[in-house]
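The values are calculated or read from the model by the stated rules, or taken from the named source; none is laboratory data. Just so it is clear, the structure is predicted and the values come from calculations on it, not from any experiment. Every residue, glycine among them, receives a Cβ derived from its backbone with ideal geometry; neighbour counts consider all protein chains shown.
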């Protein structure tokens, strides 16, 4: 692989209001403060999106911290004589954590590298399909009728799987209501974002009656052992999200019996190369994976759709259409067709920001020369 010589890197912040508030067990999002990374080379450029949120609630990372660690440590660590995407991870390995920031930098380098060679993300990662089935994540609502109205809209739009966010006090009854309204044919799963403890096992077992695809991250992210105990008490398959930060974590969780499904979020695990390694580990053990979402713009969505086309991604992911979250995306919008999104086939991500739209939502720019 030819090394990519980097001239400089732009860190750009944009403000993206959501079309509706998105509530989970750890907070309410009304807008996205997004950090974009643009890698500039003599042959062109590459783009990536950092998935870190404004506050360290989903995980320890947050967008101001991601920009700081990129500026002070990660970007200066890149080899000055040229780099490819695989070498980015090695160069950043001395720095502990900060996987979302690392993912953004590695992904931008990979985009630049693939644009220069004319290869798509999907082809490079090993995509086996040209379109992927899409699910949608439905946040916690103020009432069950409001929830049913939202689910009805998404079903009408064609989403093939519905995921309900749950928390103590908002779990059994909302799930029951959705199942009763839409029937057993609807692919339905729930996501707790670590809102429960093992003490809640008997309560969570009440979800078994609804024939769910899975329950995602019911317990704390750092407790594989108790997830394994819970798995023995439930019929509903347990899926891990926040607990899986690497292929090694995935292997450990599978060995312990802590999960039988894995949600792969590339940003959470340090990038698309590690995400592919997790896919490979899970597939070797017969464990299905699916691609999670972090309210991405079209930049992050393009890469996620490419990843979701790998053969081990056998469950619909959270790769919703653009208008699920944004009235106007910064790229050409991803539009659902028959419950699916097409995998981009152009070089690199196969999409890029629309200059006028990008400028309109930009709040700051920082240039780092190499």
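Points worth noting:
- Of all the listed residues (99, 131), the sole one being assigned by TED's automatic domain parsing to the domain that holds residue 292, under 19 Å from the mean Cα position of the chain (by Cα) and touching a residue at least 24 places away in the same chain (Cβ under 8 Å) is 131.
- Filter result for residue 94 (farther than 28 Å from residue 358 by Cα and either in the same structural domain as residue 192 (by TED's automatic domain parsing) or assigned to a loop (DSSP other than H, G, I, E, B) (or both)): yes
- Evaluated against (1) farther than 23 Å from residue 330 by Cα; (2) in the same structural domain as residue 107 (by TED's automatic domain parsing), residue 15 falls short on exactly one condition, (1).
- Filtered by the rule that a residue be in a strand (DSSP E or B) and closer than 27 Å to residue 126 by Cα, region 312-369 gives 313, 317, 337, 340, 341, 342, 348.
- Qualifying residue in region 213-220 (condition: in contact (Cβ under 8 Å) with a residue 40 or more places away in the chain, under 17 Å from the mean Cα position of the chain (by Cα) and part of a helix (DSSP H, G or I)): no
- Among the residues of region 17-34, just one is buried (at least 18 other Cβ atoms within 10 Å of the Cβ) and at pLDDT 95 or above, namely 34.
- Criterion violated by residue 37 - all others in (1) surrounded by fewer than 20 Cβ atoms within 10 Å (Cβ to Cβ); (2) in contact with a helix residue (DSSP H, G or I) (Cβ under 6 Å, 6 or more places away or on another chain); (3) within 22 Å of residue 328 (Cβ to Cβ) satisfied: (1)
- Test set (1) crowded, with 19+ Cβ neighbours inside 10 Å; (2) part of a loop (DSSP other than H, G, I, E, B); (3) touching a residue at least 40 places away in the same chain (Cβ under 8 Å) - residue 302 fails condition number: (2)
Let's see how each residue does on (1) more than 24 Å from residue 313 (Cα to Cα); (2) out of contact with any strand residue (DSSP E or B) (no Cβ under 6 Å at 6 or more places or on another chain); (3) surrounded by fewer than 13 Cβ atoms within 10 Å (Cβ to Cβ):
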| position | (1), (2), (3) |
| --- | --- |
| 78 | yes, yes, no |
| 85 | no, yes, no |
| 89 | no, yes, no |
| 93 | yes, yes, yes |
| 114 | no, no, no |
| 118 | yes, yes, yes |
| 127 | no, yes, no |
| 136 | no, yes, no |
| 140 | yes, no, no |
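- Just one of the listed residues (147, 74) is in the same structural domain as residue 280 (by TED's automatic domain parsing), crowded, with 21+ Cβ neighbours inside 10 Å and assigned to a helix (DSSP H, G or I), namely 147.
- Residues that are within 30 Å of residue 168 (Cα to Cα) and in a loop (DSSP other than H, G, I, E, B) occur at least once in region 122-139.
- Test: residue in region 235-244 that is in a helix (DSSP H, G or I), closer than 24 Å to residue 56 by Cα and touching a residue at least 24 places away in the same chain (Cβ under 8 Å): no
- Of residues in region 214-230 being touching a helix residue (DSSP H, G or I) at 6+ places or on another chain (Cβ under 7 Å) and within 9 Å of residue 194 (Cβ to Cβ), the one surrounded by the fewest Cβ atoms within 10 Å (Cβ to Cβ): 219
- Candidates are the residues of region 171-211 that are without any contact (Cβ under 8 Å) to a residue 12 or more places away in the chain and not in a helix (DSSP H, G or I); the one that is surrounded by the most Cβ atoms within 10 Å (Cβ to Cβ) is 183.
- Qualifying positions in region 245-257 - part of a loop (DSSP other than H, G, I, E, B) and under 21 Å from residue 60 (Cβ atoms): 245, 246
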